[in-house]
Amino acid sequence: MATITQIQRVPYIDLGLQHQAHKAEYLAEIEKVLDSGWFILGENVSKFEQDFADLCGAKYAIGLNSGTDALFLAMLAFGIGPGDEVITAPNSYLASASSVALIGATPVFADVRDDYNIDPEAIRKAITPNTKAIIPVHLTGRPAAMKEILAIAQEHNLKVIEDCAQAVCATLDGQGVGSFGDVGCFSLHPLKNLNALGDGGVLTTNSEEIYHRILKARNHGLRNRNECEFWSYNSRLDAMQAAVLNVKMKYIKKVTERRREIAALYQSRLADVVSVPKDQEGEYAVYHTFIVQTDRRNELQDYLKEHGVDTKIHYPIPIHLQEAASNLGYQVGSMPATESQVERILSLPVFPELTDAQVHYVCDVIHSFFQG
Ligand SMILES: *Cc1c(COP(=O)(O)O)cnc(C)c1O
């Protein structure tokens, strides 16, 4: 029986606390960067890129300004633009679709399955003669159905741009996300599983040709110091960010394991009162978010708040129903699975610094809500 005798405070995430752990190491690396006087790209960035490629099992990785830039520059490199359509998930963070609109192409949505990832059958139905690419999102840190998606892409000659922003270290049948498609796009935003002290992103690829194209694309389309091959802009990773990330790279597998431990604890304690995510055979999910579902979502969120527990909704408004998407022709009812999930989903705290006692407390509060 769960009775709550004392209210505890459980934040959704605590980035200040997270950076206590290896603070001296970060500061030492930052000091080295200051002393070196080298602030953009350079050795720290190259080391990070090499190690990141190895982490994902991809041949190449390129440090960029953000995950959104990785998506945008991938489409620039593929020559995607006005008149082209790109299929993605409506329940993602909006950058999966805004990047398509920003390149001048049209985002087309395919609804999702119970695991929040894009449904390959819905992709098939969304394909038109104008379709150029698919952006599957490994949402919540769970790998999308890459085998089916790659087969569809091959059949229709489409590029596959993996949105890996929430899924660093996730694998499917032992293979890292970001190494399946033509490119993988990662975010290093402070709220992501591998995070910089500001904005950052990475693009991974196995193609030498794409690699060289993105290297130029992140640096004004310059072939060398003076010759510009194509118009592009500036999306380079800072040396200081890379220096800090190189420290974090040493611990990323360990902290990912901790996320999975917390997820397993939630799964074992909550499956009888809410629906919890399920791990399928072959999946190594990294739980960027831990999303439960209940018909009483709003009440439960309020109850948790009253008992000191912060939760979030990822995301309260599906992309196809955003004002910015009003010209795309979608309405309420267009994406039934996404729209029904949106009323029921609740993200519980799952950051690696949570203690087991805190996780048990969150579970106790949830049980006490359903008993009451
Ligand atoms: C965070 C995120 C992005 C954007 O990454 P930024 O680095 O913030 O630009 C794209 N797609 C998904 C699924 C994300 O979660």
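The values are calculated or read from the model by the stated rules, or taken from the named source; none is laboratory data. This structure is a prediction, so every number in the text was calculated from the model and none was measured. Please note: Cβ atoms are built from the backbone with ideal geometry, for glycine as well, and neighbour counts cover all protein chains shown. Note: areas computed on protein heavy atoms with side chains; ligands, DNA, RNA excluded. Shrake-Rupley method; radii C 1.70, N 1.55, O 1.52, S 1.80 Å.
How big is D, in µm² s⁻¹, for region 1-150 by Stokes-Einstein at 37 °C and 0.692 mPa s if Rh is the Kirkwood radius over C-alpha pairs?
On the way: Rh = 18.9 Å.
D = 173 µm²/s.
Given the rule -39500 (n - 2.57) for each run of at least 4 DSSP H residues, summed and divided by the residues of the chain, what is its mean residue ellipticity at 222 nm, to the nearest 500 deg cm²/dmol?
On the way: 13 runs with 142 residues, N = 372.
The per-residue figure over the chain is -11500 deg cm²/dmol.
For region 231-247, in order, what is each residue's ³J(HN,Hα) by Karplus, 6.51 cos²θ - 1.76 cosθ + 1.60 with θ = phi - 60°, in whole Hz (x at glycine and Pro)?
Values per residue, Gly and Pro as x: 5, 8, 10, 9, 9, 9, 7, 6, 4, 5, 4, 5, 4, 5, 4, 5, 5 Hz.
For a protection proxy built on the mean count of beta-carbon atoms within 10 angstrom, sort 63-70, 235-242, 80-87 highest first, please.
Values: 63-70: 26.4, 235-242: 23.6, 80-87: 17.9.
Ranked from most to least packed, the peptides come out as 63-70, 235-242, 80-87.
Could you go through region 184-200 in sequence order and give the Karplus-derived ³J(HN,Hα) for each residue, using 6.51 cos²θ - 1.76 cosθ + 1.60 with θ = phi - 60°, rounded to whole Hz, and x for Gly and Pro?
Each residue's phi maps through the Karplus curve to give x, 10, 10, 10, 10, 3, x, 8, 8, 5, 10, 10, 8, 8, x, 7, x Hz.
Quick one, can you get me the convex hull of the C-alpha atoms of region 92-131 expressed as volume per residue in Å³?
Numbers: hull volume 2.3 nm³, N = 40.
Residue-normalised Cα hull volume stands at 57 Å³.
For ARG223, list long-range residues whose amide hydrogen, built 1.01 Å from N in the peptide plane, is under 5 Å from its own amide hydrogen.
Amide H to amide H, under 5 Å and 5 or more residues apart or across chains, ARG223 pairs with CYS228, GLU229.
If packing is taken as the mean number of other Cβ atoms within 10 Å per residue, what is the order of 151-162, 202-213, highest first? Display every interim value, and only then the final one.
On the way: 151-162: 18.2, 202-213: 20.8.
With the highest mean Cβ count within 10 Å placed first, the list reads 202-213, 151-162.
Can you tell me the Rg and the Dmax, both Å, for the Cα atoms in region 14-77?
Every Cα atom of region 14-77 included, Rg and Dmax give 14.7, 40 Å.
Report the dimensions of region 1-50 along its three principal axes from the alpha-carbon atoms, largest first, rounded to Å.
For region 1-50, the Cα extents along the three principal axes come out at 58, 22, 14 Å.
What residues have an amide H closer than 5 Å to that of THR131, excluding those fewer than 5 places away on the same chain, when H is modeled at 1.01 Å from N in the peptide plane?
Sorted by chain and number, the residues that satisfy this are GLU85.
Using the Karplus curve 6.51 cos²θ - 1.76 cosθ + 1.60 with θ = phi - 60°, what ³J(HN,Hα) values do you get for each residue of region 165-175, in whole Hz, with x for Gly and Pro?
Each residue of region 165-175 in turn: 3, 9, 10, 4, 6, 6, 9, 10, 6, x, 9 Hz.
Using a probe of 1.4 angstrom, how much of the accessible area of region 4-66 is carbon and sulfur, in percent? Write out the running numbers ahead of the final one.
Details: 2090 of 3800 Å².
After summing per-atom areas, the C and S share lands at 55 percent.
Ignoring ligands, DNA and RNA, what accessible area per residue does the chain give at 1.4 Å, in Å²? Provide the component values of the computation, followed by the final result.
Numbers: 16600 Å² over 372 residues.
With all protein chains present, the chain gives 45 Å² per residue.
Provide the solvent-accessible area of MET249, counting protein heavy atoms only and rolling a 1.4 Å probe, rounded to the nearest 10 Å².
Roughly 30 Å² of MET249 is accessible to a 1.4 Å probe.
Starting from the exponent 0.38 and prefactor 2.2 Å, build the expected Rg for the chain from its residue count and divide its actual Cα Rg by it. Before the final figure, lay out the partial values.
Numbers: Rg = 20.9 Å, N = 372, 2.2 N^0.38 = 20.9 Å.
Cα Rg divided by the expected 2.2 N^0.38 Å: 1.00.
Rounded to a whole number, what % of the accessible area of region 67-182 do carbon and sulfur atoms account for, probe 1.4 Å? Working shown, then result.
Values: 1930 of 3850 Å².
Of all accessible area on region 67-182, carbon and sulfur atoms account for 50 percent.
Tell me the relative contact order for region 248-372 as a rounded percent, counting alpha carbon contacts under 8 Å between residues six or more apart. Mind showing how you got there, number by number?
On the way: 124 pairs, mean separation 44.0, N = 125.
Once normalised by length, the contact order is 35 percent.
Given axes a ≥ b ≥ c from the Cα gyration tensor, I'd like to know whether region 72-210 is rounded (a/c under 1.5), prolate (a/b larger than b/c) or oblate.
Verdict is rounded for region 72-210.
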